[in-house]
Structures are given as C-alpha cells and as structure tokens.
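Novice: Quick one: the structure is below, and I'll ask about it shortly.
What follows draws every value from the coordinates through simple rules; no lab data is involved. None of these values were measured; they are calculated from a predicted model. Reconstructed Cβ throughout: ideal geometry from the backbone, glycine too, with neighbour counts over all protein chains shown.
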Amino acid sequence: MKKIMLMAALAVSIGSNAQYQIGNKVADFSLKNVDGKMVSMSGMEKAQGIIVIFTCNHCPFSIAYEDRIIELHKKYEKKGYPVIAINPNDPVKSPEDSYDKMITRAAEKKFPFPYVYDETQEVAKRFGASRTPHVYIVKKEGSDFVLKYIGAIDNNTENAKKADKKFAEEALKDLLSGRNPQVSETKAIGCTIKWK
C-alpha cells in the first residue's frame, strides 16, 4: 500500500512539473497587473483565445519586440485574441524588472494590454517559458484553453520590417480560419528568464 501511495505521489509531482505541449489544456492563472488589478484568461470573457507573452523591462530582445507586441494586440484583440504580457523575472537578480519598474515601463510605452507580474514564477514554469520574449497562443475550446503555438513572434529580432516570417501572426491567421497552425512551434530567441 505504501509503495502504491508513493508511486501516486510521484506521478502527481511529475505531472505538476510537466511543461505544456501543443494540444495541452492550459490552467488558468490570476496575476497582478500594473494597475493593481488581478488578470486571468477566464476573465477575458469575449476572447476566443489569448496571446500569452513572457517578456520583461530590461532584456534588449524584449525591448526590440515591444512595439510588435503592441501591434499584435491592436490587430488581434478585436478578432478575439488579446495579449497578456507576463514578467517572470526575479527582481533580486534583475532589479530593472521589479513590479514598480513594470508600472513605469507600461506607462512610458502606453501598453494597451495587461502587463502582469509572475511573482512566484509558477506560471512561467508551468508554461515551460525559458526566454523573454516567449510566445504561447492558446485557443478557447468550450471552457478550456488549449495550447496551439509556442515560440517566437517572427524571425528578425532586430528589425520588424526585415522579418519575412511572422510566426505568431501566421499561427493566429490559421486559428482564425478554423484550423490548427501549420507551424506550431518555433525557437524563442531572447534573454534567459532570471530564476530565483
């Protein structure tokens, strides 16, 4: 009996540490936005899905992609896919990524989307995020959120105009056409997440 219980506990432990794969149901989260309010995927009732982007203040890659993230939100929120940007970095290791500095950055850039703080880093771990920026597109299927795309926004970290493969947009176009993304995984390029 002890052996069976130990194996069950181990299975739960392994399961809870597993990172999401394409086609997995994504657990909802509730994280504090820069306006002090809590934000969740389920709270976005009109959304057909969510563009979850792990990003931060200090990373040059994240900074280079800020305007592109704003454009993604502006273009796809009205089509049912808003952005939720999540800062997963430990502010002890990266002081520029503190909650107070998030508030400042969001105001400077006039972010039109929630910019929330993953203080415990549990959401980033669950998603399997490793870099900033790191994109996850989930589609609402009934009451579930199902992971459809993981990876990069596009293929040019330095210049949006020179990007000839817009991975996130192509995935969104496929989803809005009623099909799964033809390219569901790409390699995220960016700074490593600063873990506690």
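Novice: Go through (1) among the basic types (Lys, Arg); (2) within 16 Å of residue 66 (Cβ to Cβ); (3) surrounded by 14 or more Cβ atoms within 10 Å (Cβ to Cβ) and name the single condition residue 194 misses.
Specialist: Just one mismatch for residue 194, condition (2).
Novice: Can you list residue pairs whose Cβ atoms sit under 7 Å apart, with the first residue in the stretch 184-196 being in contact (Cβ under 8 Å) with a residue 60 or more places away in the chain and the second being among the acidic types (Asp, Glu) and assigned to a loop (DSSP other than H, G, I, E, B)? Count only pairs 6 or more apart in sequence or on different chains.
Specialist: Within 7 Å, the pairs are 194/90; 195/90; 196/90.
Novice: Right, here's the next one. Here's a check for you: in the stretch 46-57, which residue that is out of contact with any Phe, Trp or Tyr (no Cβ under 8 Å at 6 or more places or on another chain) and crowded, with 17+ Cβ neighbours inside 10 Å is nearest to residue 135 (Cα to Cα)?
Specialist: Of the stretch 46-57, the ones out of contact with any Phe, Trp or Tyr (no Cβ under 8 Å at 6 or more places or on another chain) are 46, 56-57.
Adding the requirement that they be crowded, with 17+ Cβ neighbours inside 10 Å leaves 56-57.
On the way: 56: 13, 57: 16 Å.
Per the stated criteria, the residue is 56.
Novice: Would you check which residues across the stretch 29-64 are among the aromatic types (Phe, Trp, Tyr) and out of contact with any Gly (no Cβ under 8 Å at 6 or more places or on another chain) and list them?
Specialist: Keep residues of the stretch 29-64 that are among the aromatic types (Phe, Trp, Tyr), which gives 29, 54, 61.
Listed by number, the residues that qualify are 29, 54.
Novice: Turning to a different aspect of this structure: Do the conditions hold for residue 32, that is, is it in a strand (DSSP E or B) and more than 14 Å from the chain's Cα centre (by Cα)? Walk me through how you get there before you give the answer.
Specialist: Details: in a strand (DSSP E or B): yes; more than 14 Å from the chain's Cα centre (by Cα): yes.
Against the criterion (in a strand (DSSP E or B) and more than 14 Å from the chain's Cα centre (by Cα)), residue 32 qualifies.
Novice: Another question about this same structure. Can you list residue pairs whose Cβ atoms sit under 6 Å apart, with the first residue in the stretch 171-182 being closer than 16 Å to residue 140 by Cβ and free of Cβ contacts under 8 Å to residues at least 60 places away in the same chain and the second being assigned to a helix (DSSP H, G or I) and of a type in the set (Gly, Ala, Ser)? Count only pairs 6 or more apart in sequence or on different chains.
Specialist: 181/171
Novice: Quick one: residue 90 ticks every box in (1) surrounded by fewer than 20 Cβ atoms within 10 Å (Cβ to Cβ); (2) without any contact (Cβ under 8 Å) to a residue 60 or more places away in the chain; (3) closer than 26 Å to residue 195 by Cα; (4) among the charged types (D, E, K, R) except a single one, so which number is it?
Specialist: (2)
Novice: Of all residues in the stretch 158-193, how many are within 19 Å of the chain's Cα centre (by Cα) and part of a loop (DSSP other than H, G, I, E, B)?
Specialist: Of the residues in that region, 11 qualify.
Novice: For the stretch 56-139, give me every one of the helices (runs of 4 or more DSSP H) that falls completely inside it and has 1 or more residues that are charged (D, E, K, R) and over 20 Å from residue 31 (Cα atoms). Spell out how you get there, then give the answer.
Specialist: On the way: elements: 60-76, 99-109, 122-127.
In the stretch 56-139, 60-76, 99-109 are the helices (runs of 4 or more DSSP H) which contain 1 or more residues that are charged (D, E, K, R) and over 20 Å from residue 31 (Cα atoms).
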